[in-house]
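Visitor: If you scroll down you'll find the structure; I have some questions about it.
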2 protein chains.
Amino acid sequence: MRKSKRAKLEAAGWAVGSVKEFLGLSEADAVLIEMKLALSRSLRDRRQRRGLSQMELAKRLQSSQSRVAKMEAGDPSVSMDLLVSSLLLLGASSADLAKAIRGGEKRKSRHAA
Amino acid sequence: MRKSKRAKLEAAGWAVGSVKEFLGLSEADAVLIEMKLALSRSLRDRRQRRGLSQMELAKRLQSSQSRVAKMEAGDPSVSMDLLVSSLLLLGASSADLAKAIRGGEKRKSRHAA
DNA sequence: TGACACTATGTCAGATATGACATACTATCT
DNA sequence: AGATAGTATGTCATATCTGACATAGTGTCA
């Protein structure tokens, strides 16, 4: 399950939740991708809410602007670990992360957490 | 934040939630580690509940018994991506993961999700 | 005791992720 | 128009993760 799958397309602008069973992805793969996309959105929200540029955030994360861009774009080269630790550094709590993750299925308000 | 920190000790048997501020870890690092430990426990629970050996699970994950052992031990060499996708393959939903993640702080019942 | 099934721990070559860099694209100013 | 600030995208060396293997530890049964 590790390498072969993982469509490089994952990023492009999907209507919410539509990644499921698009191409040969297993349900598990699809859910994982959607979780990462949810975290991506959450990251961009938090960053913007704080009025930070990608550059400024990158500095705080000891990373680079390009990686922040990729994180926010849901680039497949970005790990969940990186997304999560970035969110934590932006002040998110584990409860916040749980909220962001808890399935796109049920989302109600327009706020991504 | 990437490499330098990340104590190799993270695994040893901590009393619930005690990893916080143990050595020089930032709050964010501590939370991340606890999240991973929560996922570890969840993985073992699910596997055992299904009556699978690490070997059998490994086969389903296309991985190896040793990696499963490390996952369950909270070994620092295990990524969150691996933990999460393993849990998904064991049938966990994103809601389940959210529950597992949502902070050890507030856990009430003995069931780890 | 030995034999067996399961789990833990160490190591390593190969696979992936990472930060850094360059460069391109998009505003929004004057 | 140019200039500036922010963002996107591609590449690459190095760091980290991964599956596989070996081997050791643990329990249980006869």
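Since every read-out is calculated from the coordinates, none of them should be taken as a lab result. Computed from a predicted model, the values in this text were never measured in an experiment. Cβ placement follows ideal geometry from the backbone for every residue including glycine, while neighbour counts extend to all protein chains displayed.
Visitor: Have a look at A:Arg67, A:Arg46, A:Arg102 and point out the one that is within 16 Å of DNA strand C (Cβ to nearest atom) and either under 14 Å from B:Leu97 (Cβ atoms) or of a type in the set (D, E, K, R) (or both).
Guide: On inspection, the qualifying residue turns out to be A:Arg67.
Visitor: Tell me yes or no: at least one residue of region A:33-42 is within 11 Å of DNA strand C (Cβ to nearest atom) and crowded, with 18+ Cβ neighbours inside 10 Å. I'd like the intermediate steps shown before the answer.
Guide: First, the residues of region A:33-42 that are within 11 Å of DNA strand C (Cβ to nearest atom): A:36.
Of the ones still in play, those that are also crowded, with 18+ Cβ neighbours inside 10 Å are A:36.
Yes: region A:33-42 contains one or more residues that are within 11 Å of DNA strand C (Cβ to nearest atom) and crowded, with 18+ Cβ neighbours inside 10 Å.
Visitor: Of the numbered conditions (1) more than 8 Å from DNA strand D (Cβ to nearest atom); (2) buried (at least 21 other Cβ atoms within 10 Å of the Cβ), B:Leu82 fails exactly one; give the number of that condition.
Guide: The one condition B:Leu82 does not meet is (1).
Visitor: Restricting the search to region B:32-74, which residues are outside any helix (DSSP H, G or I), more than 23 Å from A:Ser93 (Cβ to Cβ) and more than 8 Å from DNA strand D (Cβ to nearest atom)?
Guide: B:Arg50, B:Gly51, B:Leu52, B:Ser53
Visitor: Return the residues of region A:64-84 that are free of Cβ contacts under 8 Å to residues at least 12 places away in the same chain and at the interface with chain B (Cβ under 8 Å from one of its Cβ atoms); say none if nothing qualifies.
Guide: Correct list: A:Ser79, A:Asp81.
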